[in-house]
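Each reported figure results from applying straightforward, stated rules to the coordinates on display, with no laboratory input. Small disclaimer: the values here were computed from a predicted structure and weren't measured. Note that each Cβ is placed from the backbone with ideal geometry, even for glycine, and that neighbours are counted across all protein chains shown.
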Number of protein chains: 4
Amino acid sequence: MDKLIITVTVDSTMSYPGNPLMPPIEDLDAIAAEYVRSVEAGASIVHHHGIHYLEHEIQADGRRLSKIDFSGWERLTEMIRSRCSPIVQFGIASARLEEKIKLMTLRPEMMSYAFNVHDEFFQPDPQFPANEMYALHPRDELETFCRAAQEHGVKTEVECFYTGAYWNLEFIRRLGILPDPVWATIFLGWQGGAWTPPTPDALLYMVEHLPANVNWNLSVMDSQTQWGLHAIAIAIGGHVRVGWEDNPYLPDGTIARSNAELVENVVRMAETIGRPVATPDEARQIAGVEAAAPVTEAAP
Amino acid sequence: MDKLIITVTVDSTMSYPGNPLMPPIEDLDAIAAEYVRSVEAGASIVHHHGIHYLEHEIQADGRRLSKIDFSGWERLTEMIRSRCSPIVQFGIASARLEEKIKLMTLRPEMMSYAFNVHDEFFQPDPQFPANEMYALHPRDELETFCRAAQEHGVKTEVECFYTGAYWNLEFIRRLGILPDPVWATIFLGWQGGAWTPPTPDALLYMVEHLPANVNWNLSVMDSQTQWGLHAIAIAIGGHVRVGWEDNPYLPDGTIARSNAELVENVVRMAETIGRPVATPDEARQIAGVEAAAPVTEAAP
Amino acid sequence: MDKLIITVTVDSTMSYPGNPLMPPIEDLDAIAAEYVRSVEAGASIVHHHGIHYLEHEIQADGRRLSKIDFSGWERLTEMIRSRCSPIVQFGIASARLEEKIKLMTLRPEMMSYAFNVHDEFFQPDPQFPANEMYALHPRDELETFCRAAQEHGVKTEVECFYTGAYWNLEFIRRLGILPDPVWATIFLGWQGGAWTPPTPDALLYMVEHLPANVNWNLSVMDSQTQWGLHAIAIAIGGHVRVGWEDNPYLPDGTIARSNAELVENVVRMAETIGRPVATPDEARQIAGVEAAAPVTEAAP
Amino acid sequence: MDKLIITVTVDSTMSYPGNPLMPPIEDLDAIAAEYVRSVEAGASIVHHHGIHYLEHEIQADGRRLSKIDFSGWERLTEMIRSRCSPIVQFGIASARLEEKIKLMTLRPEMMSYAFNVHDEFFQPDPQFPANEMYALHPRDELETFCRAAQEHGVKTEVECFYTGAYWNLEFIRRLGILPDPVWATIFLGWQGGAWTPPTPDALLYMVEHLPANVNWNLSVMDSQTQWGLHAIAIAIGGHVRVGWEDNPYLPDGTIARSNAELVENVVRMAETIGRPVATPDEARQIAGVEAAAPVTEAAP
C-alpha cells in the first residue's frame, strides 16, 4: 500500500459561508499561512482557489460563473512555494474553461476538473439560503481541458461524484490525453443532485468500480461521517483530502482553528492504522507528478 | 413481494438508430400496434414518446431540444387506449418544460422526469457517430414539473441514473409534491456521463440506498447484461422495463421482431422465478395510480 | 461465460422426510428413473446417495453415522449409466471416511466432501421433530479423502457452507491434491450452525471471495428464495443444483411431481437469461472431468 | 452511536506461542498487571483465561481439552477486581462444559461461548508446527450453557466466526435464555476452517446480516489488516477487542511491550474518528451487564 497523500483545501467561501475563521479571499497572507501550516503538519497537496469572484449578473455568454483574478492566483502560488514545496493543485470549478487554461501558465502541478455534472447545494446552516451551483461538463470540454493540461505539463485531477465520471475518465483516457496513473478524487456526501451517500457501502462501491491505474483520494462533506470514512479510506489504500472547504469540524465537533489541525488529525489517524504519510516528494512519485520548475523561472 | 409490473418502451430512434424494424415515428398505426401487442403479452405500463422532432438548429432560447407534435401524442394515446387499458406513461426527456406540462392535459397516468442530469452517449454501432444528449435539471424545474403533475392528476416517474436523483427525490418530496408511493426507475448501463455500471453490485447498491416508500423499476441499456440484471430485479422485488428503446435483442442475441417478444421473455422469466405478473389494474393499485377517465371525456 | 451445468439431487430422506413422492431408498428402479428423466431434461451431473442407512445406535467408534450398502450404490450407478451418460457424483456426507474411499472403486466421476463442519437442522415442517446432523471434518481427513480421490481418478466436489471451506480448499490445494479447476458448491439457506443466509448479498459475498480457478455451483435450501437466487447465479456465471433434496417446490409453490420438472424450470430460466445449458460432455470439459470408462470394464 | 467499548485479551499461549513477552500462565502477578494497565489505558472489558492446561493425552471421555485450575481463575479475577472495576469476561473455549459452568460461581459478568464450530489453525511462524483446535458446539450444549449463565447472572458473549453463529443465536434466543441486548463478537482472519476473511467487505457483510438487538465487537487475528478493520468498526458503531491473544503487533509492526499499548492505540484511533471511549460503568449500561457484587462477599 502506498504512503498516504494528504490534500488540504482551505476555501470554505461557498461551502461554509458562516465559517468565522475564514479570512477574506483577498487576504493572501492569511490564506498562504493556512496552507503552509498544513504542509508543515503533513499535507503534500495544496488545493487552492486563488482569488475569484462570483459574477453578480448573467454575462454575455448567458452564464453566471466565477471570474478569475489571475494575478491573485499567481501571488498565492508564489507565497506558498516560497515557503514550502507541496504539490500545487488549482481548483475552482466554476471558472470558464479558457480562464482555467490560462491559469495553467502558472504551472500548477495539478489542476482539478469535474468529470461529471456540477450540481451542488450548500446549506450547512438551514437558517440561511443555500448556495447552489450547476454546470454541465460535456466531453468536448473535458477533452479541451485535458489536452491543454498535457501540453502545459499539468496533471489533471479527475473529480468523481458518481460513476458517470468513471465513464468519462475512460472515454478521455482512450483519447490518449490522461496519462497513467490517473489521480481521481471521490466525493461523498456533497449535497445536491450529484450526491453520493456518505456511507461505507457507497465508498466500497465507488472504489470497487474504479477503472484500473487510478490513485484515489477521498473528500467527504458531512461532519457526522467524514472522519469515519477517512479512516476506512486510509485502511483500504485511498488518500484523503481535508480542510475548511470540506468540513471545518474536528472529530470532537469543535471548529478547527487552523486547517493544520485537520491535517494533524489525519496524521494521527494514519499512525494508529499503521499507514505512513507521504512527503511532497514521495507524493510526486506516487502520483506521477513532476516537480514544478523553480518559481523564479516563471517570471522572466 | 408485489406482483411484477412490466413497462414497455418502443421508441429506439435515439438509442438504436440502426434498428431496421423501428417504424417511422409518424407511423402511428405501426407504433400503436407494437404497444397493444406488448400489453397483450403482459406489459402494464406503456412508455411512449408520441411524435417529436429534434430541432435542427439552436432556437431563440439558446437550446436545441425536441419539439412536441401535440396532436401526434393525443392520437397515439387514443389509439392505444381504444384497444387496451395499460397505464400510459409519457416519456421524452428532451422536450421543453412548458411543452411537457401542456402534454399533461392529455391525462397520461404517469409522466417521466429525470431527477439528475441527462448525459447520454448512444453509439450501439461504433461505425456511426454517437447521439449525445445533455441537459441539466435544476431543482426549480423539478418543482415546477411535479406541482403541475400533481394538479393534473399525473404521477411522476422519477428517473434515477445515480444516487443524486435520490437526493433530489427527497428534496422534492419534502415540498409535499411527490405522493407516496413514489415510482422510480433505476437506469444501469446507459453510456455517457450519467452512467452507472450494469453489474449486480451496482444494482444492489442502488436498491439498498433507495429512499423509503419507493417502488422501483429497472431499465438496462446493455445487451450483454440486461437479461441477467432483470432476473435479479425480479428476484429481489423490482419491476422491469423492456423494449426496443432499451435493448432490442432477445437473450439469444437475435433482434426482437416485436417488442411483445421482449415482454414475453420477461413473463417467462418471472414464471421460472415464481413472481406473478401484474395486470394493468393490479399495477395501478401497486403504483398508486388512478385510472384515467374515458378518453371521450377529454375532448368535449 | 461457460455454459450452464445443472446438477440434480433426488434424495430428500433427511431434508424433507414428509415428501410423499420420494420412493423408498431401496426402490432403485424408481430412483434411477428420476435421475434419467432429469438428465433428459437437461441435468448433466447426477448427485446420488445410493442406498444407505442411518445407524440406530452409537457404534464401537463412538459415532452414529450412515452405513453404506455398497452393492446398492453399484447397482444405482449402473442403472443410470446404462441409460444416459451424465457425470456421476457420489454424495452422502454422513458415511465413514473408509467407506467413502471404498466407493471410489465404483469410479464415480465426482465425489462430494464438506470442507467445513456439518451442522444441519432439517425441519421443513415444524410439527415434526428436526433431523440434526453434526460432523467435524478435520484437515487430515480432507487430505486423506483428496489423496484417495486423486488416486482413483475421482474429482472432489468441495462443499462450501461458509468461507471456512475456502480456507481449507486453499490449504488442501497447496498440498497438490486438488487439481484445477476446482469444482465447488456454495450452500445457502441450509438451516443450522453452518448456515449462510439465502440473500443476494450473501451470494455475491461468497462468490467475490472465492479462491481463483474454481467453478462454482449453487445449492439453496429455502423454497422462498431458491429460484430467485438461482436466477442470480445463472446471470453471474455460476452453475446450479436442484432436486427434491434441496427444495421440492416449483416456483408456483406446488411440489414437483418429478425432479425433471425442477430441472426443466432451470432450463427455461436459463433460456430467458440467455445462458445455454451444457450437455454432459460439455460439462465434463468445463469441470475438467474425464469420462468414466464403460461400465462393462468395471466388472470383469 | 454508543461510546466505544474496548476489550483486552492477554493470553497468547495458543495463538502466538513465540511471543517472548507473554509471562507463564501461572505468573498471575504479571498477568494481572497487564490487565490492570490495560483498564487504566481505556479497556472496559477484560477477557481472561485464568490458569488452564491443555491435556497431554486423550481422556476417558474421548476428548483432549483444557483443564481448568479453578483456584487460579478465582485468584486472577480477585487480583484484577481489587485494583480496578472492569467487566470481567471469562474465556477459554476448550474447557469442558461442566467446568465452564462451575466457573460461573466466580461471578464473572460475562462468559464467552462459541456459537459455531471451533476450527482454528494457529501458526504465526511457519517454522513451527501449527496449534490446531477442533470442537463442535451442538445446540443442546449452547442451551445448557446459556441456561446456566442466566441462572448465575452471567451475560453470554456470543462468539461468531461466520453466519452459522447468527442462526444459533436466534435459535437460542427463541428459547428465552439470551437476554437483549445480546453481546456478540465477530472474528475475522482467524486461520482455519472457521475462517472469515479479514476484508472490509466481509466485515460489512457480517454486520449487515447481524440479528436485531445485538451489540457487536470485533476481533481480528491478522497483523496486516487488524488496525484498518478496527478503524472501520469504530467508524460504523462496533466495539473492538485487542491484546496479545489476537495480535501482539502495533501499527508500526513492532511488538507491543504491554497490552496497554494496544489499548492506547485504540483510544487514540477513536479520538481521531470522534468516538468517545466508554468507562467500565458506561460499558455495563450499554451492554446490559450488572456490576458484580463486591469481591469480599464472594469469599465468606
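Neighbour counting of Cβ atoms within 10 Å sorts the residues A:D140, A:D281, fewest neighbours leading, into A:D140, A:D281.
The equivalent ellipsoid of the range A:1-99 has semi-axes of 26, 15, 14 Å, largest first, where each one is the square root of 5 times an eigenvalue of the Cα gyration tensor. Report the residue, chosen from A:G193, A:G243, A:G72, that carries the largest GNM mean-square fluctuation when chain A is represented by alpha-carbon nodes joined by springs under 10 Å. Maximum fluctuation in the GNM of chain A, among the listed residues, is at A:G193. Sorted from closest to farthest, the other copies place their D:V267 label points 2.2, 6.9, 7.0 nm away, with each point set 7 Å from Cα along Cα→Cβ. Net charge in the neighbourhood of C:I51 (other residues with Cβ under 9 Å of its Cβ; Lys, Arg +1, Asp, Glu -1) is -1. For the rotational copy pair D/B, the chain D residue whose Cβ lies nearest the symmetry axis, together with its distance in Å, is D:E208, 4. Overall dimensions of chain D, expressed as equivalent-ellipsoid semi-axes from the Cα gyration tensor (√(5λ), whole Å, largest first), are 24, 22, 22.
Here the range B:60-183 has an Rg and Dmax of 15.5, 47 Å, counting Cα atoms alone. This ranking places D:S15, B:S258, C:S38 by how few other beta-carbon atoms lie within 10 Å of each, fewest first, which gives B:S258, D:S15, C:S38.
Spatially, the range C:68-104 and the range D:150-215 are offset by 38 Å when compared through their Cα centroids. Computed over the alpha carbons of the range C:179-300, Rg followed by Dmax gives 15.8, 52 Å. Helical content alone sets the calculated 222 nm signal of chain D at -10000 deg cm²/dmol, taking -39,500 (n - 2.57) per DSSP H segment of four or more residues and averaging over every residue. DSSP loop chymotrypsin sites (Phe, Trp or Tyr not before Pro) in the range D:9-97 with at most 14 other Cβ atoms within 10 Å of their Cβ, which ones? Qualifying residues, ordered by number: none.
Remind me, relative contact order of chain C in percent, using alpha carbon pairs under 8 angstrom and six or more residues apart?
This gives 24 percent for chain C.
Kindly give the semi-axes, whole Å and largest first, of the ellipsoid equivalent to the protein assembly as shown, taking each as the square root of 5 times a Cα gyration tensor eigenvalue.
Whole-Å semi-axes of the equivalent ellipsoid: 52, 45, 26.
Taking a Cβ cut-off of under 11 Å around C:A283, the surrounding Lys, Arg, Asp and Glu residues balance to a net charge of -2, with basic ones at +1 and acidic ones at -1. Electrostatic tally near C:P181: other residues with Cβ closer than 15 Å to its Cβ, Lys and Arg +1, Asp and Glu -1, net -3.
Our summary gives the range A:138-199 a relative contact order of 35 percent, counting only alpha carbon pairs under 8 angstrom and 6 or more residues apart.
Filter the cross-link list B:K3/B:K155; A:K3/D:K3; D:K3/D:K102; A:K3/A:K100; B:K3/C:K3 down to pairs whose alpha-carbon distance in this structure exceeds 21 Å. Listed pairs above 21 Å: A:K3/D:K3; D:K3/D:K102; A:K3/A:K100; B:K3/C:K3.
Based on other C-beta atoms within 10 Å, arrange B:E290, B:E40 from fewest to most. If you can, show how the numbers build up before the last one.
Numbers: B:E290 10, B:E40 14.
The order, fewest Cβ neighbours first, is B:E290, B:E40.
Using C-alpha pairs under 8 Å with a sequence gap of at least 6, the mean separation divided by the residue count of the range A:152-232 gives a relative contact order of 32 percent.
Sorted shortest first, the distances from the C:L54 label point to those of the same residue in the other copies are 3.5, 6.8, 7.3 nm; each point sits 7 Å from Cα along Cα-to-Cβ.
Comment: the Cα-to-Cβ extended label point of A:Q150, at 7 Å, lies 5.0, 5.1, 7.1 nm from its counterparts in the other copies, nearest first.
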